[in-house]
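Asker: So that we are looking at the same thing, I have put the structure below in C-alpha cells.
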Amino acid sequence: MGNDGGSIAKRQDILSFHKHQAGSQKSSDIVQDDNVIVCSVSSLPLRNEIVVGDYLGRLYIKEKIVEYMLNRNLKSENGADATLPSTLSDILELKLHWQDDKTIVCPVTGGIDLCYLRPCGCVVSYKLLQELHKGDKRNDQSSSKMELSSSTCPNCEIPFTFDYDVVLIDQAEKAADFNKKTYEYLATQLKLHHSKKPIKEKKKKRKQEDDSDGVLKEKKNKKKKKKSS
Ligand SMILES: [Zn+2]
C-alpha cells in the first residue's frame, strides 16, 4: 500500500493518450479565432511564412514586422504603436503546426488552446503543459521548488521553465495579464529580453558609443596623417 505510483500518469502516458486522441479528432470540430492565423501588423495570412511572436502572444510574418521596425526607426516614434515590437530582441521565431492550411494546432494534442515556449519556439497546447506539469510534480516530490517549475517541450524536448518561458497565444485579457507578468519577471529579475537575450545596461551602452566615437576619431586622424605625409 502506501504511495504506489501505479495510478499516477507519467509524462509518456499523458503524451501517448493525447497523440491517440488527436488522431481521432475531426478538423471540423475545431474553430479557431481568425485573428490567430493572420499577421498582427499586416493582416496577411501566416500560412507558408516565417512566423514570429512577441511577448503578448501576438503573431507576425517575420518580414512584415521587420519592415515595420525599420520604417518606425526612420520615421521616429511619432504615430507608432508603442505596444508593437521595436527590435529583434522583442520577437522570437516560432514553429507552427498547421491543420488543413487554415488552423494552427498543437502537434501533440491537435488542440487550439495554444501557447509557445521561449527556448524552442514550439507552439503547443497550454492544457497539455499544465497536465505534464502536474504529472511532474506528483512523480518528483523530492525536487526543490525551482526544479519543479522546469520541464521539457512536449514537441522537441528542449528544457523550459513554467515560470517565465510560456507565452499564451490568446487575445483575452486574462492571457494578456499572464503574459505581462511573466515578461516582467524575465525583464526585471533575470534582465532578459523577450527573446532571452540579455538586456544591456545603459552605462555599458554609453561606453560602447564612446568606443565607437573613438574608432571614428582614430580613422579620421589616420586619414589626416596620410594626407599630410
Ligand atoms: Zn519545442
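Asker: Could you tell me how many of the residues in the stretch 165-192 are away from the ligand (no atom under 16 Å from the Cβ) and assigned to a loop (DSSP other than H, G, I, E, B)?
Answerer: 6
Asker: If you take the residues in the stretch 123-164 that are of a type in the set (G, A, S) and modelled with pLDDT under 95, which one is nearest to the ligand (Cβ to nearest atom)? Even if it seems obvious, please write down each step before you answer.
Answerer: As a first pass, look at the stretch 123-164 and keep what is of a type in the set (G, A, S): 125, 135, 142-144, 149-151.
Pick out the ones that are also modelled with pLDDT under 95 and you get 135, 142-144, 149-151.
Values: G135: 18, S142: 26, S143: 22, S144: 24, S149: 17, S150: 14, S151: 11 Å.
Ranking the candidates gives S151 first.
Asker: Looking at this structure, is I61 open to solvent by 90 Å² or more (accessible area, probe 1.4 Å) and at pLDDT 95 or above? So that I can check it myself, show each step before the final result.
Answerer: Numbers: open to solvent by 90 Å² or more (accessible area, probe 1.4 Å): no; at pLDDT 95 or above: yes.
Taking the combined requirement at face value, the residue does not satisfy it.
Asker: Among the residues of the stretch 128-138, which ones are surrounded by 15 or more Cβ atoms within 10 Å (Cβ to Cβ) and either in contact with a strand residue (DSSP E or B) (Cβ under 7 Å, 6 or more places away or on another chain) or without any contact (Cβ under 8 Å) to a residue 60 or more places away in the chain (or both)? I'd like the intermediate steps shown before the answer.
Answerer: Pass one, the stretch 128-138, residues surrounded by 15 or more Cβ atoms within 10 Å (Cβ to Cβ): 128-129, 131-133, 135-136.
Scanning the stretch 128-138 gives L129, L132, H133, D136.
The values are calculated or read from the model by the stated rules, or taken from the named source; none is laboratory data. What you are looking at is a predicted structure, and each value in this text was computed from that prediction instead of being measured. Cβ atoms come from the backbone with ideal geometry, glycine included; neighbour counts cover every protein chain shown. Protein only, heavy atoms only, side chains kept; ligands, DNA and RNA dropped before computing areas. Shrake-Rupley method; radii C 1.70, N 1.55, O 1.52, S 1.80 Å.
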